[in-house]
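The values are calculated or read from the model by the stated rules, or taken from the named source; none is laboratory data. The model shown is predicted, which means the values in this text are computed figures rather than measured ones. A quick note on method: Cβ atoms are made from the backbone with ideal geometry, for glycine too, and the neighbour counts reach across all protein chains shown. Ligands, DNA and RNA are stripped out before the accessible areas are found, and what is left, the full protein with its side chains, is counted by its heavy atoms. Shrake-Rupley method; radii C 1.70, N 1.55, O 1.52, S 1.80 Å.
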Amino acid sequence: MSKEKVLSAQEKRILFEINGEKNTLYNKKNRAFDLLKHVQGEKPVIDIERGLYFTRSFKTTEGQPLILRWAKALKYYAEHAKVYIDDNQLIIGRIGRPGRYGILYPELDGDILGDAIKQLPERETSPFNIDPNDAKIISEEIAPYWKGKTFHEDLIKALTPKTAALTYNQDKDFTSRFIVNETASFRSSIQWVHDYKIVLQKGFSGIRREMEKKLNELDEFSPVDQTEKKPFIDAVITVCDAIVLWAHRHAKLAGQLAAKEYNTVRKAELEKIAKICWQVPEYPARNFREAVQSQWFTQMFSRVEQKTGTVISNGRMDQYLYPFYKNDIEKSLITDDDVQEIFDCMWVAMSQYIDLYISSAGGAFNEGYAHWEAVTVGGQTSDGNDAVNDLTYILLKSKREFPLNYPDLAARIHTRSSQRYLAEVAETIKEGSGFPKLINDEEVIPLLLSKGADFEDAYDYSVSGCAECRMPNRDTYTSPNAYINFAAALEMTIYNGHMLKYGDELIGLKTGDAETFTDFDEFFAAYLRQQKNFLKHAFIQQHEIIRLRAKHFASPLGSALHKLCRDTLTDLHQPHIKGGIDLGYFEFIGYATVIDSLAAIKKIVFEEKKATLNQVKKAMQHNFTGYELLRQRLVNAPKYGNNDHYADEIGRTLDREALLFTRQYSKELGINLDLRYVPFTSHVPFGKVVSATPNGRLAWTPLSDGSSASQGADLYGPTAVLLSNFATKNYQYHERAARLLNVKLSPACVQGESGTQKLVQFIEAWRDLKLWHIQFNVINQDTLIAAQRNPENYRNLLVRIAGYSAYFTELSVDLQNDIIARTQNEAI
Amino acid sequence: MVFNIQHYSLHDGPGIRTIIFFKGCPLRCRWCCNPESQNHYPEISYDEKRCLGNEICSECQKVCENNAIMFSSEGKAIIQRDKCSNCMKCIAECPAKAYKKEGIEYTADELLDIVEQDSIFYRGGNGGLTVSGGEPLIHGQFLIDLLKAAKKLRLSTAMETCGYADYSILKQTAEYLDTILFDIKSLDNFKHIIYTGKSNQVILNNFESLCNDFPHLHKHVRTPVIPGFNNSIEDLQKIEDYLKDKPAVTYEKLSYHRFGVGKYKTLGRKYPMDD
Ligand code: SF4
Ligand code: SF4
């Protein structure tokens, strides 16, 4: 019955700052807190080195095998890029200028680079600054070279007019139409995880030796060995040399700085840094600190190699670092506080790299400088035991105590997860900044097995990117996927193949005028035809993307770190790698928007007959102005997210129809192209092309996100949200991937020890329902509203968006409103 | 007669629970925050904020055969309660769902079906069914049958009660309960009569008998702390002293809030605490 306002730890921290009081929440601050102050809140700057050195190198290697060109470009970068060491940092190796930086990948969409550069500083979503001299180099040296050579341009040419009409606007830059949206031209790979363990155990010298051996085994008369395998080996050797060279340049610099340093403490630190960089990543790591530095060089160099969607993931850090931690602790070489400080230093370094999207679609899909460099904790070991260890708890503690939205932390949950682990996960969620997201072993592992994985690989999966999962050394599919706006399909069903935004242009199928439908089944069938048509073009797109990517991209470093690539001497971006499992997916965007619209039409038009479909159409054309009475009827029809059979049954049919399509056609593509419900922030730009919908949603406002209910439509609490999610899944088909689910809780709901316990019980129920993903925002609605009004006081307010957390004040107003509108669940 | 079913309840018994609120209560506590639970017959509630106003809508007025609906100067619908026959016709017509029927008849099976849908949330923390009200005990045999059936489904059961009931009914329900949340509002009978409308004698006798007959049943005693009624230190101390040697008892004070204020208005009644 009591109802004082309860604040999350994050909210308390911000209030302390606003009131200028001394913050007592973090009593033990390490150096990373100071490092963070220097980088937080700055607008990122573009660093052109990567784009420039790749361009210069590519100019000199034309005609050579692609993978070799890529490796040589990396070598050229390693030789020429500036190296520096941030004051007081422990983890070194940056791929851009001090502070927050973004880098260029002109091989993707360099054709639009010249124009985009001019708009970047003012763009509403994820803006960047650029130095005028650099802008000049971009438009005079970098962009001209790539004109006519980029993947983006080739893809446009390859698509048939019908597919292209759903994909691009017919403007100069072929901007996205946000209907059947391709994401392959703003990243060269989907989310990915490397096998970091091999680097820690063997070093790049070990990988190089393996390749030299293979080189000697090649058949000198075989055309395939000589033209395909040999370049692969040469490329891997080159890339091993490149990363070692890059590390050595840092070692040298650290030595020079140490010689000049007066402060004896820092001098010793720099000498130690030099020693570490002479050792790793060339040779195996000998202790925890070397292991972290070795992993760091590897992931940074991977970011130079290519733009991996959502930033390269970190894999199971609590697993592959554990042997080093354990050894150091046993020998008293390190303390838990040291470990946390090293981690925190790494998180700051991570936060300096900003994933730069040149295209406005890329920026809008990944608002707030999105990033998902997922660090996975918990789960099971490859022999099926609980994997939680002391490092797991240090990583969770660091997330609670260090106020930064890096790294993206993902906690694996399974039926034997211990009470302590679940409670610490819940405590971390309660901190309020949205971490960790949870991934369910009980859903993921059976699906991986059903797709041909062995138990040991499946148990050992890493969370990758936003909500996906990868088996390093087993997964081999890297092609980015289509994001499909099914709310647009619904609009086309009402307007007989047209959309209000695009006027007379016929984009979809002619499925009949609104006045001709006599019952709901007919209307639903018409919608499903539009849906199927979108899927058809998404799959055509994917077919071309798979074909073209192999000609445009290579990944010598990624291949060096993949057992199947090393064994078969095949580049990771090639469509078929022997022994690999190809896990791709396409996105269903606007799920709840479509379900709710169909349910409203069924109920109000065909059952209660309170309005004709034509009247609904008229109301939609007027964006419901003058039709509030009808809009209210539609708004109050059954909605997804309330454990209401009426709406959920429609949702299950939509899901099933999409699954059946991919069951039939993904085989032709030679991959698993699974159904997924993960929007990033795309439900906002997608909403901007969709006019008013029959669920009462107004024109151009955001669509529903992921598999969550429409904003504010879930009225019966989070248990009903979970049950609806369960009820709309078709568990009999395995052609499914992640469903992203956002739940917002008020801090009062999870207050105290009993609140923690009840959050744990809620998580257990989620796990037992076999839902894939869940994430929480524990925040008071009025905090968000206050932050929108007074952004300067709330610069460091973190909120969960879609698989990642971002600073609330760095989001566009649309997305801010969307987050405010997500239903908040109060304790009852 | 049920007026509400609440999912994801965290504060009325162990674990995550589903609460069935019964309609009808023998007491009239002035601070009552669920006035829609007090009468044992179905009532219509009306939320003015939802009404679209008579410029765009007058659907309810059109269907009302008793001419019970008029419009305020702001254009909002108003039910004249003296003319209203609780026929419920306006509910279906209102596009904005401004009207709601408070009080729906269910069979025990229907209720348990709904409760069982949430069963996956009960497992970890002994969550389950809580019956509340109103006063569930006035539903006598129906309540006993419901709890008995719930036990057959192996659900954890809890009941919130004001304790004002026939002991034989209380005793029979207690057989099927894991927890009882029992209100003791004041030991001062005079004040009790003024603020709740009834003497506390029956309540205290029932509590004594309960302690004798069910020494192992967990009895969670609660006192809503109401300014001007029982918020003095002595009042509360007396209750704590009284409970000292009772078996299997836990105790909690609940602070007063005015959540109920708006609800009185939706039912066309006056908030008694403002007297
Ligand atoms: S319940 Fe019946 S009588 Fe009362 S206002 Fe509604 S329609 Fe009129
Ligand atoms: S039907 Fe509903 S919205 Fe219309 S006037 Fe009556 S109460 Fe208001």
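From the largest down, the range A:45-145 spans 39, 37, 22 angstrom on the principal axes of its Cα atoms. A 1.4 Å probe run over the protein chains yields, for the range A:45-145, 36 Å² of accessible area per residue, whole-number rounding.
Here the range A:511-583 exposes an accessible surface that is 54 percent carbon and sulfur, computed with a 1.4 Å probe and the other protein chains kept in place. Only lysine pairs 8 or more places apart, or on different chains, with alpha-carbon atoms under 28 angstrom apart are counted in the range A:510-582, and they number 7. Taking other residues whose beta carbon is less than 14 angstrom from the beta carbon of residue A:266, and scoring Lys, Arg as +1 and Asp, Glu as -1, yields -2.
Distance between the modelled labels on residue B:241 and residue A:227, one decimal in nanometres: 10.2 nm (7 Å Cα→Cβ projection). The mean accessible area for residues of the range A:329-397, using a 1.4 Å probe and ignoring ligands and nucleic acids, is 25 Å² per residue.
Carbon and sulfur: what percent of chain B's accessible surface (1.4 Å probe)?
C and S fraction of accessible area: 50 percent.
Subtracting the Cα-Cα distance of residue A:332 and residue A:668 from their residue separation scaled by 0.36 nm leaves 115.3 nm.
In chain A, Cα pairs under 8 Å separated by at least six residues give a relative contact order of 15 percent. Against chain A, whose longest principal axis is taken from its Cα atoms, helix A:66-80 shows a tilt of about 60°.
Take the accessible area of chain A alone and of chain B alone, subtract that of the pair, and you get about 2800 Å² summed over both chains, using a 1.4 Å probe.
Summing Cβ point charges (Lys, Arg +1; Asp, Glu -1) relative to the Cα centre of the range A:45-145 gives a dipole of roughly 360 debye. Based on the Kirkwood radius over alpha-carbon pairs, what value in µm²/s does the Stokes-Einstein equation return for the translational diffusion coefficient of chain B at 10 °C and 1.306 mPa s? Approximately 79 µm²/s, per Stokes-Einstein. Alpha carbon centre of the range A:457-522 versus the range B:122-167: separation in Å? Going from one Cα centre to the other spans 47 Å. Taking a Cβ cut-off of under 14 Å around residue A:509, the surrounding Lys, Arg, Asp and Glu residues balance to a net charge of +2, with basic ones at +1 and acidic ones at -1.
With a 1.4 Å probe and all protein chains left in place, how much of the accessible area of the range A:45-145 comes from carbon and sulfur atoms, in whole percent? List each step's numbers first, then the result.
Values: 1790 of 3660 Å².
That share works out to 49 percent.
Accessible-area loss of 40 Å² or more (1.4 Å probe, protein heavy atoms, chain alone versus all protein chains) is found in the range A:757-799 for A:758, A:761, A:765, A:768.
Given the options A:96, A:130, A:83, identify the residue whose Cα lies farthest towards the positive end of the charge dipole of the range A:45-145 (+1 on Cβ of Lys, Arg; -1 on Cβ of Asp, Glu). So the residue furthest toward the plus end is A:83. Partner aspartates and glutamates whose Cα lies under 14 Å from the Cα of residue A:744, excluding those fewer than 8 positions away in the same chain, are identified as A:431, A:705, A:714, A:782, A:818, A:826. Each label was represented as a point 7 Å from its Cα along the Cα-to-Cβ direction; for residue A:715 and residue A:119 these points are 4.1 nm apart.
For residue A:263 and residue A:660, FRET efficiency with R0 = 45 Å and r from the beta-carbon atoms, rounded to 0.05?
Details: r = 67 Å, r/R0 = 1.49.
For R0 = 45 Å, the calculated efficiency reads 0.10.
With contacts taken as Cα pairs under 8 Å at a separation of at least 6 residues, the range A:45-145 carries a relative contact order of 38 percent.
When shorter helices are ignored and each DSSP H run of at least 4 residues is given -39500 (n - 2.57), the per-residue value for the protein assembly as shown at 222 nm works out to -13000 deg cm²/dmol. For the range B:83-106, a drop of 30 Å² or more in accessible area on going from the chain alone to the assembled protein chains (1.4 Å probe) is found at B:93, B:95, B:97. Of all aspartates and glutamates in the structure, the ones whose alpha carbon falls short of 19 Å from that of residue A:136, not counting any fewer than 8 places away in one chain, are A:47, A:49, A:107, A:109, A:111, A:115, A:122.
State to the nearest 20 debye the size of the charge dipole of chain B about its Cα centre, where the only charges are +1 on K and R beta carbons and -1 on D and E beta carbons.
Working: 34 positive and 36 negative charges, 69 e Å.
Using only the charged Cβ atoms, the result is roughly 340 debye.
Using R₀ = 30 Å, calculate the FRET efficiency as 1/(1 + (r/R₀)^6) where r is the Cβ-Cβ separation of residue A:518 and residue B:61; round to 0.05. With a Förster radius of 30 Å, E is 0.40. The modelled label-to-label distance for the pair residue A:38/residue B:194, using points 7 Å beyond Cα in the direction of Cβ, is 7.0 nm.
The Cα-based radius of gyration and maximum Cα-Cα distance (Dmax) for the range A:667-802 are 17.4, 54 Å. Of the residues in the range A:619-638, those shielded by at least 10 Å² of accessible area once partner protein chains are present, compared with the chain alone at a 1.4 Å probe, are A:628, A:629, A:632, A:633, A:636. Once the chain from residue A:170 to residue A:283 is taken as fully extended at 0.36 nm per residue, the excess over their C-alpha distance is 35.5 nm. In the complete set of protein chains, residue-level accessible area for residue B:148 is approximately 110 Å², probe 1.4 angstrom. Here the convex hull built on the C-alpha positions of the range A:390-509 has a volume of 195 cubic angstrom per residue.
One chain, two ends: residue A:550 and residue A:455. Fully extended at 0.36 nm per residue, the span grows by 31.2 nm beyond their Cα-Cα distance. Per residue, the accessible area of the range B:4-128 comes to 46 Å² when a 1.4 Å probe rolls over the protein heavy atoms. For residue B:33 and residue B:270, a Förster radius of 25 Å and the Cβ-Cβ distance give a FRET efficiency of 0.95, rounded to the nearest 0.05. Pairs of Cα atoms nearer than 8 Å and 6+ residues apart set the relative contact order; for chain B it is 21 percent.
So what is the diffusion coefficient of the protein assembly as shown in µm² per second by Stokes-Einstein at 37 °C and 0.692 mPa s, using a Kirkwood Rh over Cα pairs? Can you show the working numbers first?
Numbers: Rh = 31.8 Å.
Here the translational diffusion coefficient equals 103 µm²/s.
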